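Undergrad: Can you read through this structure? Questions will come right after.
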Amino acid sequence: MTRSESARDLARQLGAVFVGDAYDSPPDPLDSAILFAPVGDLVPVALRALDRGGTLAIAGIHLSDIPPLNYAADLFFERQLRSVTANTRADGEDFWSLAAEIPLAPTTTAYPLGEADRALRDLAGDRITGAAVLKV
């Protein structure tokens, strides 16, 4: 689920079972969800998409303010809200081991390190599908 139509197109091409706008409800309640977008307004939306006992992880470095939550609609039934502050080198190594076992097809746009500012502007302007990568 994403705000970007080009990212939704990419998800369809990669065989996603469900593709929707970031504010849509998924067809089935989720066991867990990860919010990468720095958009606090999406926190209640994502919490409401969770099944009983589900966990929402906020994985961004920055997040705009979260609007007031409604306990019954957003948190009841043991829903959990977690923040993620950092990943360790061991986390990365574990990820690469798992990634070798499953079919991943990352989509990236490479920028020279000296063009990091342009990469950030392109990300903010929704001109990148997938991830921006800085090359040394």
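Undergrad: Among the numbered criteria (1) surrounded by 13 or more Cβ atoms within 10 Å (Cβ to Cβ); (2) assigned to a loop (DSSP other than H, G, I, E, B); (3) among the aliphatic types (A, V, I, L, M), which single criterion is violated by ALA16?
TA: It is condition (1) that ALA16 fails.
Undergrad: Of the conditions (1) exposed (fewer than 11 other Cβ atoms within 10 Å of the Cβ); (2) farther than 23 Å from LEU14 by Cβ; (3) out of contact with any helix residue (DSSP H, G or I) (no Cβ under 9 Å at 6 or more places or on another chain), GLU101 satisfies every one except a single condition; which number is it?
TA: Result: GLU101 passes all but (2).
Undergrad: May I pose another question? Which of the numbered conditions does GLY40 fail, given that it passes all the others? Conditions: (1) within 19 Å of ALA124 (Cα to Cα); (2) out of contact with any Ser or Thr (no Cβ under 6 Å at 6 or more places or on another chain).
TA: Failing condition for GLY40: (2).
Undergrad: Still on this structure, I have one more. Do we find that LEU10 is modelled with pLDDT under 90 and hydrophobic (A, V, I, L, M, F, W, C) in this structure? Don't jump to the end; show me each part of the working.
TA: Details: modelled with pLDDT under 90: yes; hydrophobic (A, V, I, L, M, F, W, C): yes.
Judged against the criteria, LEU10 is a match.
Undergrad: Collect the residues in the stretch 26-40 that are more than 13 Å from the chain's Cα centre (by Cα), within 27 Å of THR85 (Cα to Cα) and open to solvent by 60 Å² or more (accessible area, probe 1.4 Å), keeping them in residue-number order. Walk me through how you get there before you give the answer.
TA: Taking the stretch 26-40 and keeping what is more than 13 Å from the chain's Cα centre (by Cα), we get 26-31.
Adding the requirement that they be within 27 Å of THR85 (Cα to Cα) leaves 26, 29-31.
Across the stretch 26-40, the qualifying residues are PRO29, ASP31.
Undergrad: Just to be sure, is GLU5 touching a residue at least 12 places away in the same chain (Cβ under 8 Å) and either more than 20 Å from ALA131 (Cβ to Cβ) or surrounded by 11 or more Cβ atoms within 10 Å (Cβ to Cβ) (or both)?
TA: Working: touching a residue at least 12 places away in the same chain (Cβ under 8 Å): no; either more than 20 Å from ALA131 (Cβ to Cβ) or surrounded by 11 or more Cβ atoms within 10 Å (Cβ to Cβ) (or both): yes.
Taking the combined requirement at face value, the residue does not satisfy it.
Undergrad: Residues of the stretch 82-133 being polar (S, T, N, Q) and within 17 Å of the chain's Cα centre (by Cα), which ones?
TA: If the condition is that a residue be polar (S, T, N, Q) and within 17 Å of the chain's Cα centre (by Cα), then SER83, THR85, ASN87, THR107, THR108, THR129 are the ones that fit.
Undergrad: Among the residues of the stretch 41-66, which ones are more than 20 Å from LEU30 (Cβ to Cβ) and either open to solvent by less than 70 Å² (accessible area, probe 1.4 Å) or touching a Lys or Arg at 6+ places or on another chain (Cβ under 9 Å) (or both)? Even if it seems obvious, please write down each step before you answer.
TA: To start, the set of residues in the stretch 41-66 that are more than 20 Å from LEU30 (Cβ to Cβ) comprises 61-62, 64-65.
Answer for the stretch 41-66, where residues must be more than 20 Å from LEU30 (Cβ to Cβ) and either open to solvent by less than 70 Å² (accessible area, probe 1.4 Å) or touching a Lys or Arg at 6+ places or on another chain (Cβ under 9 Å) (or both): just SER64.
The values are calculated or read from the model by the stated rules, or taken from the named source; none is laboratory data. Everything quoted here is computed from the prediction, not taken from an experiment. All Cβ positions, even for glycine, are placed from backbone atoms using ideal geometry, and neighbour counts span all protein chains on display. Quick note on the areas: whole protein, heavy atoms, side chains included, nothing else; ligands and nucleic acids left out. Shrake-Rupley method; radii C 1.70, N 1.55, O 1.52, S 1.80 Å.
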